[in-house]
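First up is the structure itself, then whatever we jot down about it.
The values are calculated or read from the model by the stated rules, or taken from the named source; none is laboratory data. These numbers come from a predicted model, not from an experiment. Note: ideal-geometry Cβ built from the backbone for every residue, glycine included; neighbour counts use all protein chains shown.
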C-alpha cells in the first residue's frame, strides 16, 4: 500500500494542487490567469501555436509583446501540454509496452481477455451516452460538442486504483481486473489521441523522421552492442554503452521523434512513444504499483526512475495550465462529459464484461462476481488527468472547452458513487 500512496502523493496530489490553484485563480482574476496560460516564451518559425491564432486569443494584450513577424509562438500552455507532457505519456507508454510485449505482461494471454472486453465497453458506453444525449440537444448544439466524444473514455489509473482498493480491499481479484482495464484504457486513449485529434494539418512524411530516430537508436545503441557481445558473458560493449552513454542517445532520438510528430500534425505530446520500445528493458515487469518494480535496473526502468520527479512538477503545471475554469462556464458539455463517465462507463463495463465472461465464456477471475463489473465501472469513471488533456485538444479555447474541462474535474464524484455501489452490491472486502 505504501507504493500506491507514494505514487498518488508524487503524481496525483501535485496535479490536484495545480488544478485547485488554477480554479481559485481563474475565478478571482480571470484576466491575469489567461495571461499566464498564453504567455509567449519564444517567437519562431518551427514549433508552437499558430501566431495569428495566439493573437486572436490574446486580443489587445498581444500588442504588449513586441516581436518580429513569425509563424509560431511557444506559449506557457504549449510548453506544458505539447512538450513537457510528452514525458508523462512516455511513462504511460512504458507501462502499456511492458504489459503487451513481456512474456508475463498483464495484457497478454487469456487472463486479459475479459478485461479487454470490459475496456471496450468502458469506451463505447461513455461515447454512446455522450453523443446520444448531445443529439437530444439539437443539431446546432450537437455540432458544437460532438468532437468531445473521447473525453469521457479516459480512466485515471492512480486514483481509480486507490479507490478500487478502498472498495474491494487490496487482495480482491477485482482490483487486479481494474488495473488491467485502466492500462488497456490508457493504450486505447493514446491511439485515439493520435488518430482523431491531430494538432494541425497532417503531413505524414514527417513521421519518417520519428521512425528513423527510433530504428537508428535501437540498432546502434541496443541491438548492435548485444550482437557484438554474443557469447561473451562480460558483455563489455553493452556495459560501456549503458555506463558511458546511458539514456543520452535516446533523449536525442526522442527530441527528433518529437519534432517529427509536431511537424506531421499528430499531437506532439505523443512524440516520445516510438522511442520507448527501443530502450533495453528487463525480461519481466512486476506492474506499476508493485513494490519490486523500483528495484529493476534495466535502462527503461532506470529512465522512468529519473523522470519521476520532473514529471511530478510537469503534472503540477499541467493542472495549473488546464484546470483554470470559471464556474460560470458550467453548461451542457459539463453534464455530457460527466454523464458519459458516471453512466456510460459502468454500464459499458458491465455489458461488455458480461459478454466476454459469459456469452464468450472467457470467464471471470476466481472470487469475482458479475455484479463486481458494475462497481469496477463506477471506479473507472474517474477520468481527471487524461480527460482534462483530451478536453484541451478536442475543443478550441473558449466556453465549450471550459465546460468540458469542468466535467472532467467533477468526475471525482465517481469515487463516492463507487463506495455506495460497493455497499449496495455487498462487496466483501479482501485484505491484501
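A few notes on this one:
- Being assigned to a helix (DSSP H, G or I), touching a residue at least 40 places away in the same chain (Cβ under 8 Å), out of contact with any helix residue (DSSP H, G or I) (no Cβ under 6 Å at 6 or more places or on another chain) and surrounded by fewer than 18 Cβ atoms within 10 Å (Cβ to Cβ) holds for only one residue in 190, 131, 166, 202, and it is 166.
- Criterion violated by residue 430 - all others in (1) more than 28 Å from the chain's Cα centre (by Cα); (2) part of a helix (DSSP H, G or I); (3) surrounded by 14 or more Cβ atoms within 10 Å (Cβ to Cβ) satisfied: (2)
- Residues (in contact with a helix residue (DSSP H, G or I) (Cβ under 7 Å, 6 or more places away or on another chain) and surrounded by fewer than 24 Cβ atoms within 10 Å (Cβ to Cβ)) located in region 134-160: 134, 135, 137, 141, 142, 144, 146, 147, 149, 158
- The test for being free of Cβ contacts under 8 Å to residues at least 24 places away in the same chain, loosely packed, with under 15 Cβ neighbours inside 10 Å and either out of contact with any helix residue (DSSP H, G or I) (no Cβ under 7 Å at 6 or more places or on another chain) or closer than 30 Å to residue 193 by Cβ (or both) does not hold for residue 211.
- Taken over region 377-398, the criterion of being over 13 Å from residue 323 (Cα atoms) and touching a residue at least 12 places away in the same chain (Cβ under 8 Å) is satisfied by 377, 378, 379, 380, 381, 382, 383, 393, 394, 395.
- Single unsatisfied condition, residue 73 versus (1) exposed (fewer than 15 other Cβ atoms within 10 Å of the Cβ); (2) not in a helix (DSSP H, G or I): (1)
- Taking region 32-57 as the range and being exposed (fewer than 15 other Cβ atoms within 10 Å of the Cβ), in contact with a helix residue (DSSP H, G or I) (Cβ under 9 Å, 6 or more places away or on another chain) and in a strand (DSSP E or B) as the test, only 41 passes.
- Among the residues of region 316-338, those identified as farther than 28 Å from residue 125 by Cα, in contact (Cβ under 8 Å) with a residue 12 or more places away in the chain and part of a helix (DSSP H, G or I) are 316, 317, 320, 321.
- Hey, residue 259 closer than 30 Å to residue 49 by Cβ, surrounded by fewer than 19 Cβ atoms within 10 Å (Cβ to Cβ), under 21 Å from the mean Cα position of the chain (by Cα) and at pLDDT 95 or above or not: yes
- Given (1) surrounded by fewer than 15 Cβ atoms within 10 Å (Cβ to Cβ); (2) closer than 26 Å to residue 81 by Cβ; (3) modelled with pLDDT under 90, index of the condition residue 251 fails: (3)
- Subset tally (residues that are modelled with pLDDT under 95 and within 21 Å of residue 131 (Cα to Cα)) for region 374-389: 7
- Qualifying residue in region 411-422 (condition: under 28 Å from the mean Cα position of the chain (by Cα) and without any contact (Cβ under 8 Å) to a residue 12 or more places away in the chain): yes
- Selection within region 221-278 - without any contact (Cβ under 8 Å) to a residue 12 or more places away in the chain and in contact with a helix residue (DSSP H, G or I) (Cβ under 7 Å, 6 or more places away or on another chain): 228, 229
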